[in-house]
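A single structure is presented below for examination.
Please treat every number below as a calculation from the coordinates, not as lab data. If you're wondering where the values come from, they're calculated on a predicted model, not measured in any experiment. Cβ sites come from the backbone with ideal geometry, for glycine too, and all protein chains shown count toward neighbours.
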C-alpha cells in the first residue's frame, strides 16, 4: 500500500495543529530510494515543512521482519501543508516505492533539545546514575517476551557490527490499556531509561505521540495501534549493550506490565543522500 484512503486524506487535511509525519519507505531498488528521498525533501520544503531526519533502516532489533529500508520525519504547521507535500511527489512515489506507511505524530520538540545538551554532560550525569560496565545482559529479564523485547538472536546481530559504531534506535510502543497508561509508562519506563541513556552519552533524537495513520490499513505492522514513537541516539552499540545489562528489575517489570507490544529498528543517518 502506498496511498491513503480518501478518509485518511480528509482526516489529515482537517488537522490544524503542528504535527510530525513519519514515513516508512520500501523502495523498489536502492537507487530509487535515494532519488525518492531527494525529491520528497524538496516537496516538503515547497509545502513549508521541515525535514527533521532521514534514516536508513539497517536491522529490526525487536519485532517482526519489515520491508521498509528508510524512514523520514518531517514537521508541518498543519495537516493541509503535510497533504500538499504528499501530493507534491506522488508521481515519483508511484514509480519508486513498493510499500509506504505513514504515521502522524504530535511531536515533543523540547525533549530532544534538552537531552542533546545534557548528553554532553554525561560524565557528570553518570555520578548520579548507577551503571556497571562489566555487567552481563540478563536475557530472561530484558530479552523476553519477544512482543516487547529483542530476541537474543536480534541482539547478537546488532553486536556483530562494530561495537564502537553509533546508531539510532527507533522504538514504536503500544501501551497496555492505551493512552490511559501514558503517565505510568513515562514515570516507570521512559524516565529511568532516559537517565541511563544520558549517562551513557546518548540523547533523544525525536519522539512524539502517535495520533493516527495517514497511509496504512488496520492489521498491518505499522498501523495506528501505536501510542508512541521515540528515536534514541546511542553513541555506540557497546553503550546500548551496557544499558541493557543495567536495566533495573522494576523497569523491566514495568515494560512487561505496561507495554502490549513494541518494534525497535536499528537506523543510521541517511541525510547525506538528500540533495
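Mind checking the full-extension length gain between residue 114 and residue 144? Use 0.36 nm per residue of separation minus the Cα-Cα distance, one decimal, nm.
Stretched out fully, the residue 114 to residue 144 stretch lengthens by 7.7 nm.
Just to verify a number: FRET efficiency for residue 220 and residue 132, C-beta to C-beta distance, R0 = 25 Å, to 0.05?
My answer for the efficiency is 0.05.
Also: For all pairs of alpha-carbon atoms in region 47-124, what percent lies in each bin of width 10 Å, listed from the first bin to the last filled one?
13, 36, 32, 15, 3, 0
Now, a different point. Would you kindly calculate the mean projected area, averaged across all directions, of the convex hull enclosing the Cα atoms of region 93-224, in square nanometres?
On the way: hull surface 43.4 nm².
For region 93-224, the mean projected area of the Cα convex hull comes to 10.8 nm².
Okay, next question. Would you order 209, 136, 248 from fewest to most other beta-carbon atoms within 10 Å of each residue's own beta-carbon? Each step should come with its number before you reach the end.
Values: 209 16, 136 9, 248 13.
Placing the least packed residue first, the sequence is 136, 248, 209.
Sticking with this one: Among 89, 234, which comes first, then next, by fewest other beta-carbon atoms within 10 Å?
Ascending number of Cβ neighbours within 10 Å: 89, 234.
Take the alpha carbon atoms of region 152-224, find their radius of gyration, then divide it by 2.2 N^0.38 Å using N residues; give the quotient.
It is 1.37.
On each of the three principal axes of the Cα atoms of the chain, give max minus min coordinate, whole Å, ordered largest first.
For the chain, the Cα spread along each principal axis is 53, 39, 34 Å.
Subtracting the Cα-Cα distance from 0.36 nm times the residue separation, let me have the gained length for residue 87 to residue 211 in nm, one decimal.
42.6 nm
Determine the distance separating the Cα centre of region 63-112 from the Cα centre of region 129-145; give it in Å without decimals.
34
Using the 2.2 N^0.38 Å rule of thumb for compact globular proteins, work out how region 6-107 stacks up: its C-alpha Rg over that value, please.
So the Cα radius of gyration is 1.04 times the expected 2.2 N^0.38 Å.
Still on this structure, please answer the following. Work out, step by step, the length gained on full extension between residue 94 and residue 186: first 0.36 nm times the residue separation, then minus their alpha carbon distance; give nm to one decimal.
29.2 nm
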